[in-house]
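**Q** Below is the structure I would like to discuss, written out as structure tokens.
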Protein chains: 2
Amino acid sequence: MSSQDGRYHHGDLRAALLTEAAAMIAEGGAASLTLRGIARRLGVSRAAPYRHFPDKSALLVGVASAGFARLGERLQSIEAGAPRSSVERFRRMGEEYVRFALENPAHYRLMYGKEALTREDIPELHASADALLAQLVDVIKAQQRSGGIKRQDPRTQAYIAWSTVHGLASLLIEGQIQPAGEVDDLIRKTTRTLLDGMRVRRRPAP
Amino acid sequence: MSSQDGRYHHGDLRAALLTEAAAMIAEGGAASLTLRGIARRLGVSRAAPYRHFPDKSALLVGVASAGFARLGERLQSIEAGAPRSSVERFRRMGEEYVRFALENPAHYRLMYGKEALTREDIPELHASADALLAQLVDVIKAQQRSGGIKRQDPRTQAYIAWSTVHGLASLLIEGQIQPAGEVDDLIRKTTRTLLDGMRVRRRPAP
DNA sequence: GTTTGAGTGTTGACACTGTCAACATACACT
DNA sequence: AGTGTATGTTGACAGTGTCAACACTCAAAC
């Protein structure tokens, strides 16, 4: 019985592990997260986490998965709010996506970098990402109906849009991009360019 | 004297470390690369690498940097070859970028994921990436002059293009994107959409 | 041609990590 | 009250990055 608060059972260690892990990642990056360290911070023994996650990778998958859920909710909230035109709403979602990444860089990195995850099958993580994709596909279909963007395979278009915002987010986070002016400016221009490419063309290019 | 070949001095251990590290990363991912492991494979003692790199992170930076150089050369070769129109050449560079990533997934991941790199300052790595960016800016300026794409801040446009191809490459590598048809198809469509967005618009969108 | 010093490679050691087996405790249900 | 299951603990092991102390090699200075 070495728990800080004198209890033998923690109460809800599983949830505590997830939130504490997320906190540690936010503080010092995923590399700073160690199973023993998190156990120490929670006043619990080294092996306790193993009662809730088969290994470290599984815990990380859990944290990453929660990140996808949060990101999804955030995009949903943009979709709910109603800016002017409907294409503009789509563009705003892209902006919000990048902002989320910039606000939670280490978490975002974990979500996409399987580097730290040694397990072969990460179905849970892929499911979370797929949910996000489905959300995006729905919005694109709606935009196609309203004539905002080209009528092509919406899934392909979703991949393209996702690639654009993810790429921008990723390069910004890693510090590869150091924009001359405001970051928001770059984000806006990027989403505009993307949208221009997805829009219905008046005349085919020569 | 425990060297496999009986020599006390290796000859060019620094270069051997870099190439062997790249090979190990290609085989089993960056996570599988361990300083002791690479030393073992080179028939050298654990501490030998420390005579050439201050720590593991420095070795990884070296490998990643070499990756940027190789990628740069590859894009250069596309620029040298002369496809039909000049905009098409630009697009082809984007395709080639993604292909490079798909052919060297683990290496590419290392180049962009600072996850594994604990050091604060990675000037060498940023310099390598900046060289790539400069290359891209040059091409964009040329395309602007020939009227292929909009006349805007070329650096910003380079960021946008880079984001698009990097995002696509990244999502493909991580398995987040599972295209319905051929991968090449998706790559082509993505670069086309990007280019459409960067092209000079005949009429402003309503 | 010997000496010497820098460059390079080796061994021993330390703290740290993820993980497992064996054991202990607390709670829920009969 | 009794018992089984979920949860938490301790001890142990192999593996890791890293450092200090030592060994070897070779080229330049005498």
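The values are calculated or read from the model by the stated rules, or taken from the named source; none is laboratory data. These numbers come from a predicted model, not from an experiment. Note that each Cβ is placed from the backbone with ideal geometry, even for glycine, and that neighbours are counted across all protein chains shown. Areas reflect the complete protein model, heavy atoms only, side chains present, ligands, DNA and RNA absent. Shrake-Rupley method; radii C 1.70, N 1.55, O 1.52, S 1.80 Å.
**Q** Within the range A:172-194, track down each residue that is buried (at least 21 other Cβ atoms within 10 Å of the Cβ) and either at the interface with chain B (Cβ under 7 Å from one of its Cβ atoms) or touching a Phe, Trp or Tyr at 6+ places or on another chain (Cβ under 6 Å) (or both).
**A** A:GLN176, A:ILE177, A:LEU186, A:THR190, A:THR193, A:LEU194 - these are the residues of the range A:172-194 that are buried (at least 21 other Cβ atoms within 10 Å of the Cβ) and either at the interface with chain B (Cβ under 7 Å from one of its Cβ atoms) or touching a Phe, Trp or Tyr at 6+ places or on another chain (Cβ under 6 Å) (or both).
**Q** Exactly one condition in (1) in a loop (DSSP other than H, G, I, E, B); (2) under 18 Å from the mean Cα position of the chain (by Cα) is not met by B:ALA180; state its number.
**A** (2)
**Q** Another question about this same structure. Taking into account only those residues within the range A:12-22 that are more than 12 Å from DNA strand C (Cβ to nearest atom), of a type in the set (Gly, Ala, Ser) and touching a residue at least 12 places away in the same chain (Cβ under 8 Å), which is nearest to the other protein chains (Cβ to nearest Cβ)?
**A** A:ALA22
**Q** Let me ask something additional. Within the set of pairs 6+ apart or on separate chains, which have a first residue in the range B:138-161 that is more than 13 Å from chain A (Cβ to nearest Cβ) and within 16 Å of B:GLU79 (Cα to Cα), a second that is open to solvent by 10 Å² or more (accessible area, probe 1.4 Å) and part of a loop (DSSP other than H, G, I, E, B), and C-beta atoms under 8 Å apart?
**A** Close Cβ pairs satisfying both conditions: B:GLN144/B:LYS150; B:GLN144/B:ARG151.
**Q** Oh, and also: Can you pull out every residue in the range B:23-41 that is open to solvent by 30 Å² or more (accessible area, probe 1.4 Å) and more than 13 Å from DNA strand C (Cβ to nearest atom)?
**A** Scanning the range B:23-41 gives B:ALA23, B:ALA26, B:GLU27, B:GLY28, B:SER32.
**Q** Please determine, by comparing only the residues of the range A:42-66 that are free of Cβ contacts under 8 Å to residues at least 60 places away in the same chain and away from DNA strand C (no atom under 11 Å from the Cβ), which one is nearest to the other protein chains (Cβ to nearest Cβ).
**A** By that ranking, first place goes to A:VAL63.
**Q** Does the range B:9-23 hold any residues that are more than 11 Å from DNA strand D (Cβ to nearest atom) and outside any loop (DSSP other than H, G, I, E, B), and which are they?
**A** Across the range B:9-23, the qualifying residues are B:LEU13, B:ARG14, B:ALA15, B:ALA16, B:LEU17, B:LEU18, B:THR19, B:GLU20, B:ALA22, B:ALA23.
**Q** When B:ALA39 is evaluated against the numbered criteria (1) in contact with a Ser or Thr (Cβ under 7 Å, 6 or more places away or on another chain); (2) within 16 Å of B:ASP130 (Cα to Cα), which criterion, by number, is the only one it fails?
**A** If we test B:ALA39 against (1) in contact with a Ser or Thr (Cβ under 7 Å, 6 or more places away or on another chain); (2) within 16 Å of B:ASP130 (Cα to Cα), just (2) comes out false.
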